[in-house]
Structure formats: structure tokens, C-alpha cells
Amino acid sequence: MRVLLCHNYYQQAGGEDPVFADEAWLLESRGHQVVPYTLHNRQVDRMRRWDLACKTVWNRQSYRELRQLIRRQRPALMHCHNTFPLISPSCYAAARAEGIPVVQTLHNFRLLCPSALLLRKGKPCEDCLGRVVAWPGTLHQCYRKDWKASAVVTAMLSTHWLLGTWTRQVNRYIALSDFARQKFIRGGLPAGRIAVKPNCVVPDPGPGDGQGGYAVFVGRLSQEKGIATLLAAWRQLAGQVPLKIVGDGPLREQVQASAAGSSGVQWLGRQPIAEVLAVIGGAAFLVMPSICYESFGRTIIEAYAKGTPVLASRLGAMAELVDHGRTGLLFTPGDPEDLAKAVRQFVSDVPALKMRRAAREEYEARYTAESNYQLLMTIYARALGDAGTRITEEDMLRSSSRPPAWNLPAGGPAR
């Protein structure tokens, strides 16, 4: 089967970028042909503001390019990851005009919230949830703290809610957790079209030994990721457990200042995925202190793949992914004292080896390439069925003998 994969890369690499590569590899490794269509947000810096605003709502160029690409390659369906801002919702109309079904992965809450986070002033915010016109997002300058930019995103969302783009032009949606699915249903997407398929970790990196004696945080150094909570908790712990921080972002200076002090914090910066997984595997536990809901939490399943327990905020998808007392511990979001308490509890009371086995078992049960592939094929089969193509799930799962057409490295996805 030939699949058109669409993705708009971010200026700073985010969690959606490796998922796009993972799913391309997943398809190619099982004999399907991937046709990529990608744009990159580095183009934004060279664009006039008005041109960017127009393309965010409807990009005529990407519409034309996609129609031409579909006519040349004749994919069975189009699967979109991120389309914001440059690909734009015009991609769905292009696929519809050429008669192929559309699958859209809901990596964040962009369709419901101009900031995509459902977060304002450090607290979960649902003021725009279910509104055709997300005017609170403009009023509070939720996108980049800029009312003009917020107005553009609001205009894009409102235009396509009014046109029925989200409800009529996408055949199937993929939510990454049941928590996220429920939010999207409340926001107005048709419940019958939203399937839950978590991300996966491919290839299997194998379990680590957890003998490093340190905690690890992996992610963007930004407010919504709970960096302030993390650093405050480690000041309270006063070096009781060393902390390695992997990642980069706008709060880099705060992390650097903490690392320069005596709180047992070490900042490793951005690292290649192989090194990230090695650091996670050697950690006693991973910390995910986000103060936003999170639609999934990719670092949690990377930790599970390495057999590393997770201490996470009792919030959103994190509370769904972490089984308190079995695969990790949950703490009150935004509360450094409760995080420090959870760390002390882990060090003093938790049977670490038992919890490591449970974390690895969770990966093997739910987040491997094979289980993810079968879920993906089921969703594709239903999307094709929506479009009138008769194909069974068994047909979808049969691997083709055709060699991979997209130049991905053997043994795993590009990073």
C-alpha cells in the first residue's frame, strides 16, 4: 500500500517530528511505500506577516502541490501529522478533490485551543473548548503572547469549524490517549471517528540497568513542561538524588543557573536519541513534571522501553499512562514539595527492581512496533472503508514484497 505522509516540521524539534519518522519507518519496514510531503517552519522567517497569515488559513500552493503529488503517486490515503501553519487545512480539500481518504493524528490540542496546550497562566484552561470562535485565545494573547498572531490562529480555527473542515473532510482521527480523545469529543469532533492509538518506541532499545543512581528529565525547557517545579523540588532535595536534564528551550538560562549551583543538577543540553535512551536507561527514574495536560507523553514510553519507572504529574494523559505504585508515582502538578516527597518515597520505599520490570512489561504490552502497526492498519482500513474501498484488516496487515521506497536507515527511523 502507498501512503502519503504529511508533516510540517517545527523550527525547534518537538515530539511530533520523531513520531512522523517512526511511523514512516513502521510502514516502510513492513513493505508499504511512503510518499512524504513536508514543509519546515524555518521558511516562516523569510515570509511577510500577511502572507503567513493567509497561508495559515489556506495555503493555495500546498493545495496545488498535494493535488499534483496525489495524481502522480496515487496513494491509497493521506495521513497528516502536523499541518500548522504552512501546510494548512487546505491539504484535506486537496485529498478530497483527488478522492483519497484522510487520517489526522491529534498530537496536541490545536483544534481546540490557539496555544495548542489548553494552558493559561500556568494552569489548565478550557475557555475555548467547544467554541466555534475561540475569542478568549485572542483576548489573552495565548499564541506566542501576541494578539495579532493569536488572532490569525483563531481565524484559522474558526474558519474551518464554520466550513465543517474538521467534521467533514477528515475520515479518521488518531488521539494518543483516552484523555485526549474525550477532550476532542467535548470540543466538537465526531466521537465515532476518533480512535486511540498511542505512540510507540521503535526499534526496541532494550532495557537499561538503572544503576546510575540519578533522576532524569527529558524534554523542552519551557514553562508548560514544569521546569520551575522541577528545579524548586531539587533545591529542596539538596543533592539527595542527582538530576540530569536533557533538552533545550527558552528556560535554558534557569537550568544553567541551577546546574551551576549546588543542587545536584547537571544540564546535558540536546542529545541524539541513542544517547537520550542510554541516559534514561541508566536512571533510577524519569521525572515528567508538566503543568499542562499533555496529549500523550512520549518520554514516558521511552522510559518504559528502558525499564525505567516514571514520576509524573497527576494530570491529563500522564495520569493515564503512569500506574501509580506499579510503573511509577504521581504527584500534584506544579507542587515542588509533593514532587520532592515523591522522590524521597521512591528512594526509601519503592521496590525498584519490581517497578522496573513492571515498566518494561507495560512497554512490551502496549508500545511496541507490532502492536502499534496493527492499530494503525485497523485505522487505515476503516478510513478506506469510509471512502468506499473494500479492504479487510487482514489485507492491510499483509506485508508487500516491494522494497522500501523512502530512504530511511536500516534498523530504525531517522532522528
(request) Could you state the angle between the C-alpha long axis of helix 178-187 and the longest principal axis of the C-alpha atoms of the chain, as a value from 0 to 90 degrees rounded to the nearest 10? (result) 50 degrees
(message) For the chain, what does the relative contact order come out to in percent, with C-alpha contacts under 8 Å and a separation of six or more?
(response) 17 percent
(request) Multiply the residue gap between residue 43 and residue 191 by 0.36 nm, knock off their C-alpha separation, and tell me the result in nm, one decimal place. (result) 49.7 nm
(message) As I understand it, the value is the acute angle between the Cα axis of helix 16-29 and the longest principal axis of the Cα atoms of the chain; what does it come to in degrees, rounded to 10?
(response) 70 degrees
(request) Any of 123/145; 123/225; 121/183; 121/145 with alpha carbons more than 18 Å apart? Name them for me. (result) 121/183
(message) Run the helix sum for the chain: -39,500 (n - 2.57) per DSSP H stretch of 4+ residues, divided by residue count, reported at 222 nm to the nearest 500 deg cm²/dmol.
(response) -12500 deg cm²/dmol
(message) Whole angstrom only: what separates the Cα centroid of the range 110-161 from the Cα centroid of the range 321-394?
(response) 29 Å
(request) Calculate the spin-label point distance for residue 262 paired with residue 354, positioning each point 7 Å from the Cα along the beta-carbon direction, and give it in nanometres. (result) 3.8 nm
(message) With Kirkwood radius over Cα pairs in Å as the read-out, I listed [x] 22.1; [y] 25.7; [z] 22.7; which label goes with the value calculated from this structure?
(response) [x]
(message) What whole-number distance in Å separates the alpha-carbon centres of the range 188-221 and the range 32-53?
(response) 27 Å
(message) So if each residue of separation counts as 0.36 nm, and I subtract the Cα-Cα distance between residue 365 and residue 159, what length gain in nm does that give?
(response) 70.0 nm
(message) Which of 51, 248 has the fewest other C-beta atoms within 10 Å, and how do the rest follow up to the most?
(response) 51, 248
(request) Using only Cα atoms, tell me the angle between helix 147-163 and the longest principal axis of the chain; keep it within 0 to 90° and round to the nearest 10. (result) 50 degrees
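Read-outs: derived from the displayed coordinates by stated rules, not from any lab. As the structure is a prediction and not an experimental result, all values here were calculated from the model. FYI the Cβ positions are ideal-geometry reconstructions off the backbone, even for glycines, and counts take in every protein chain you see.
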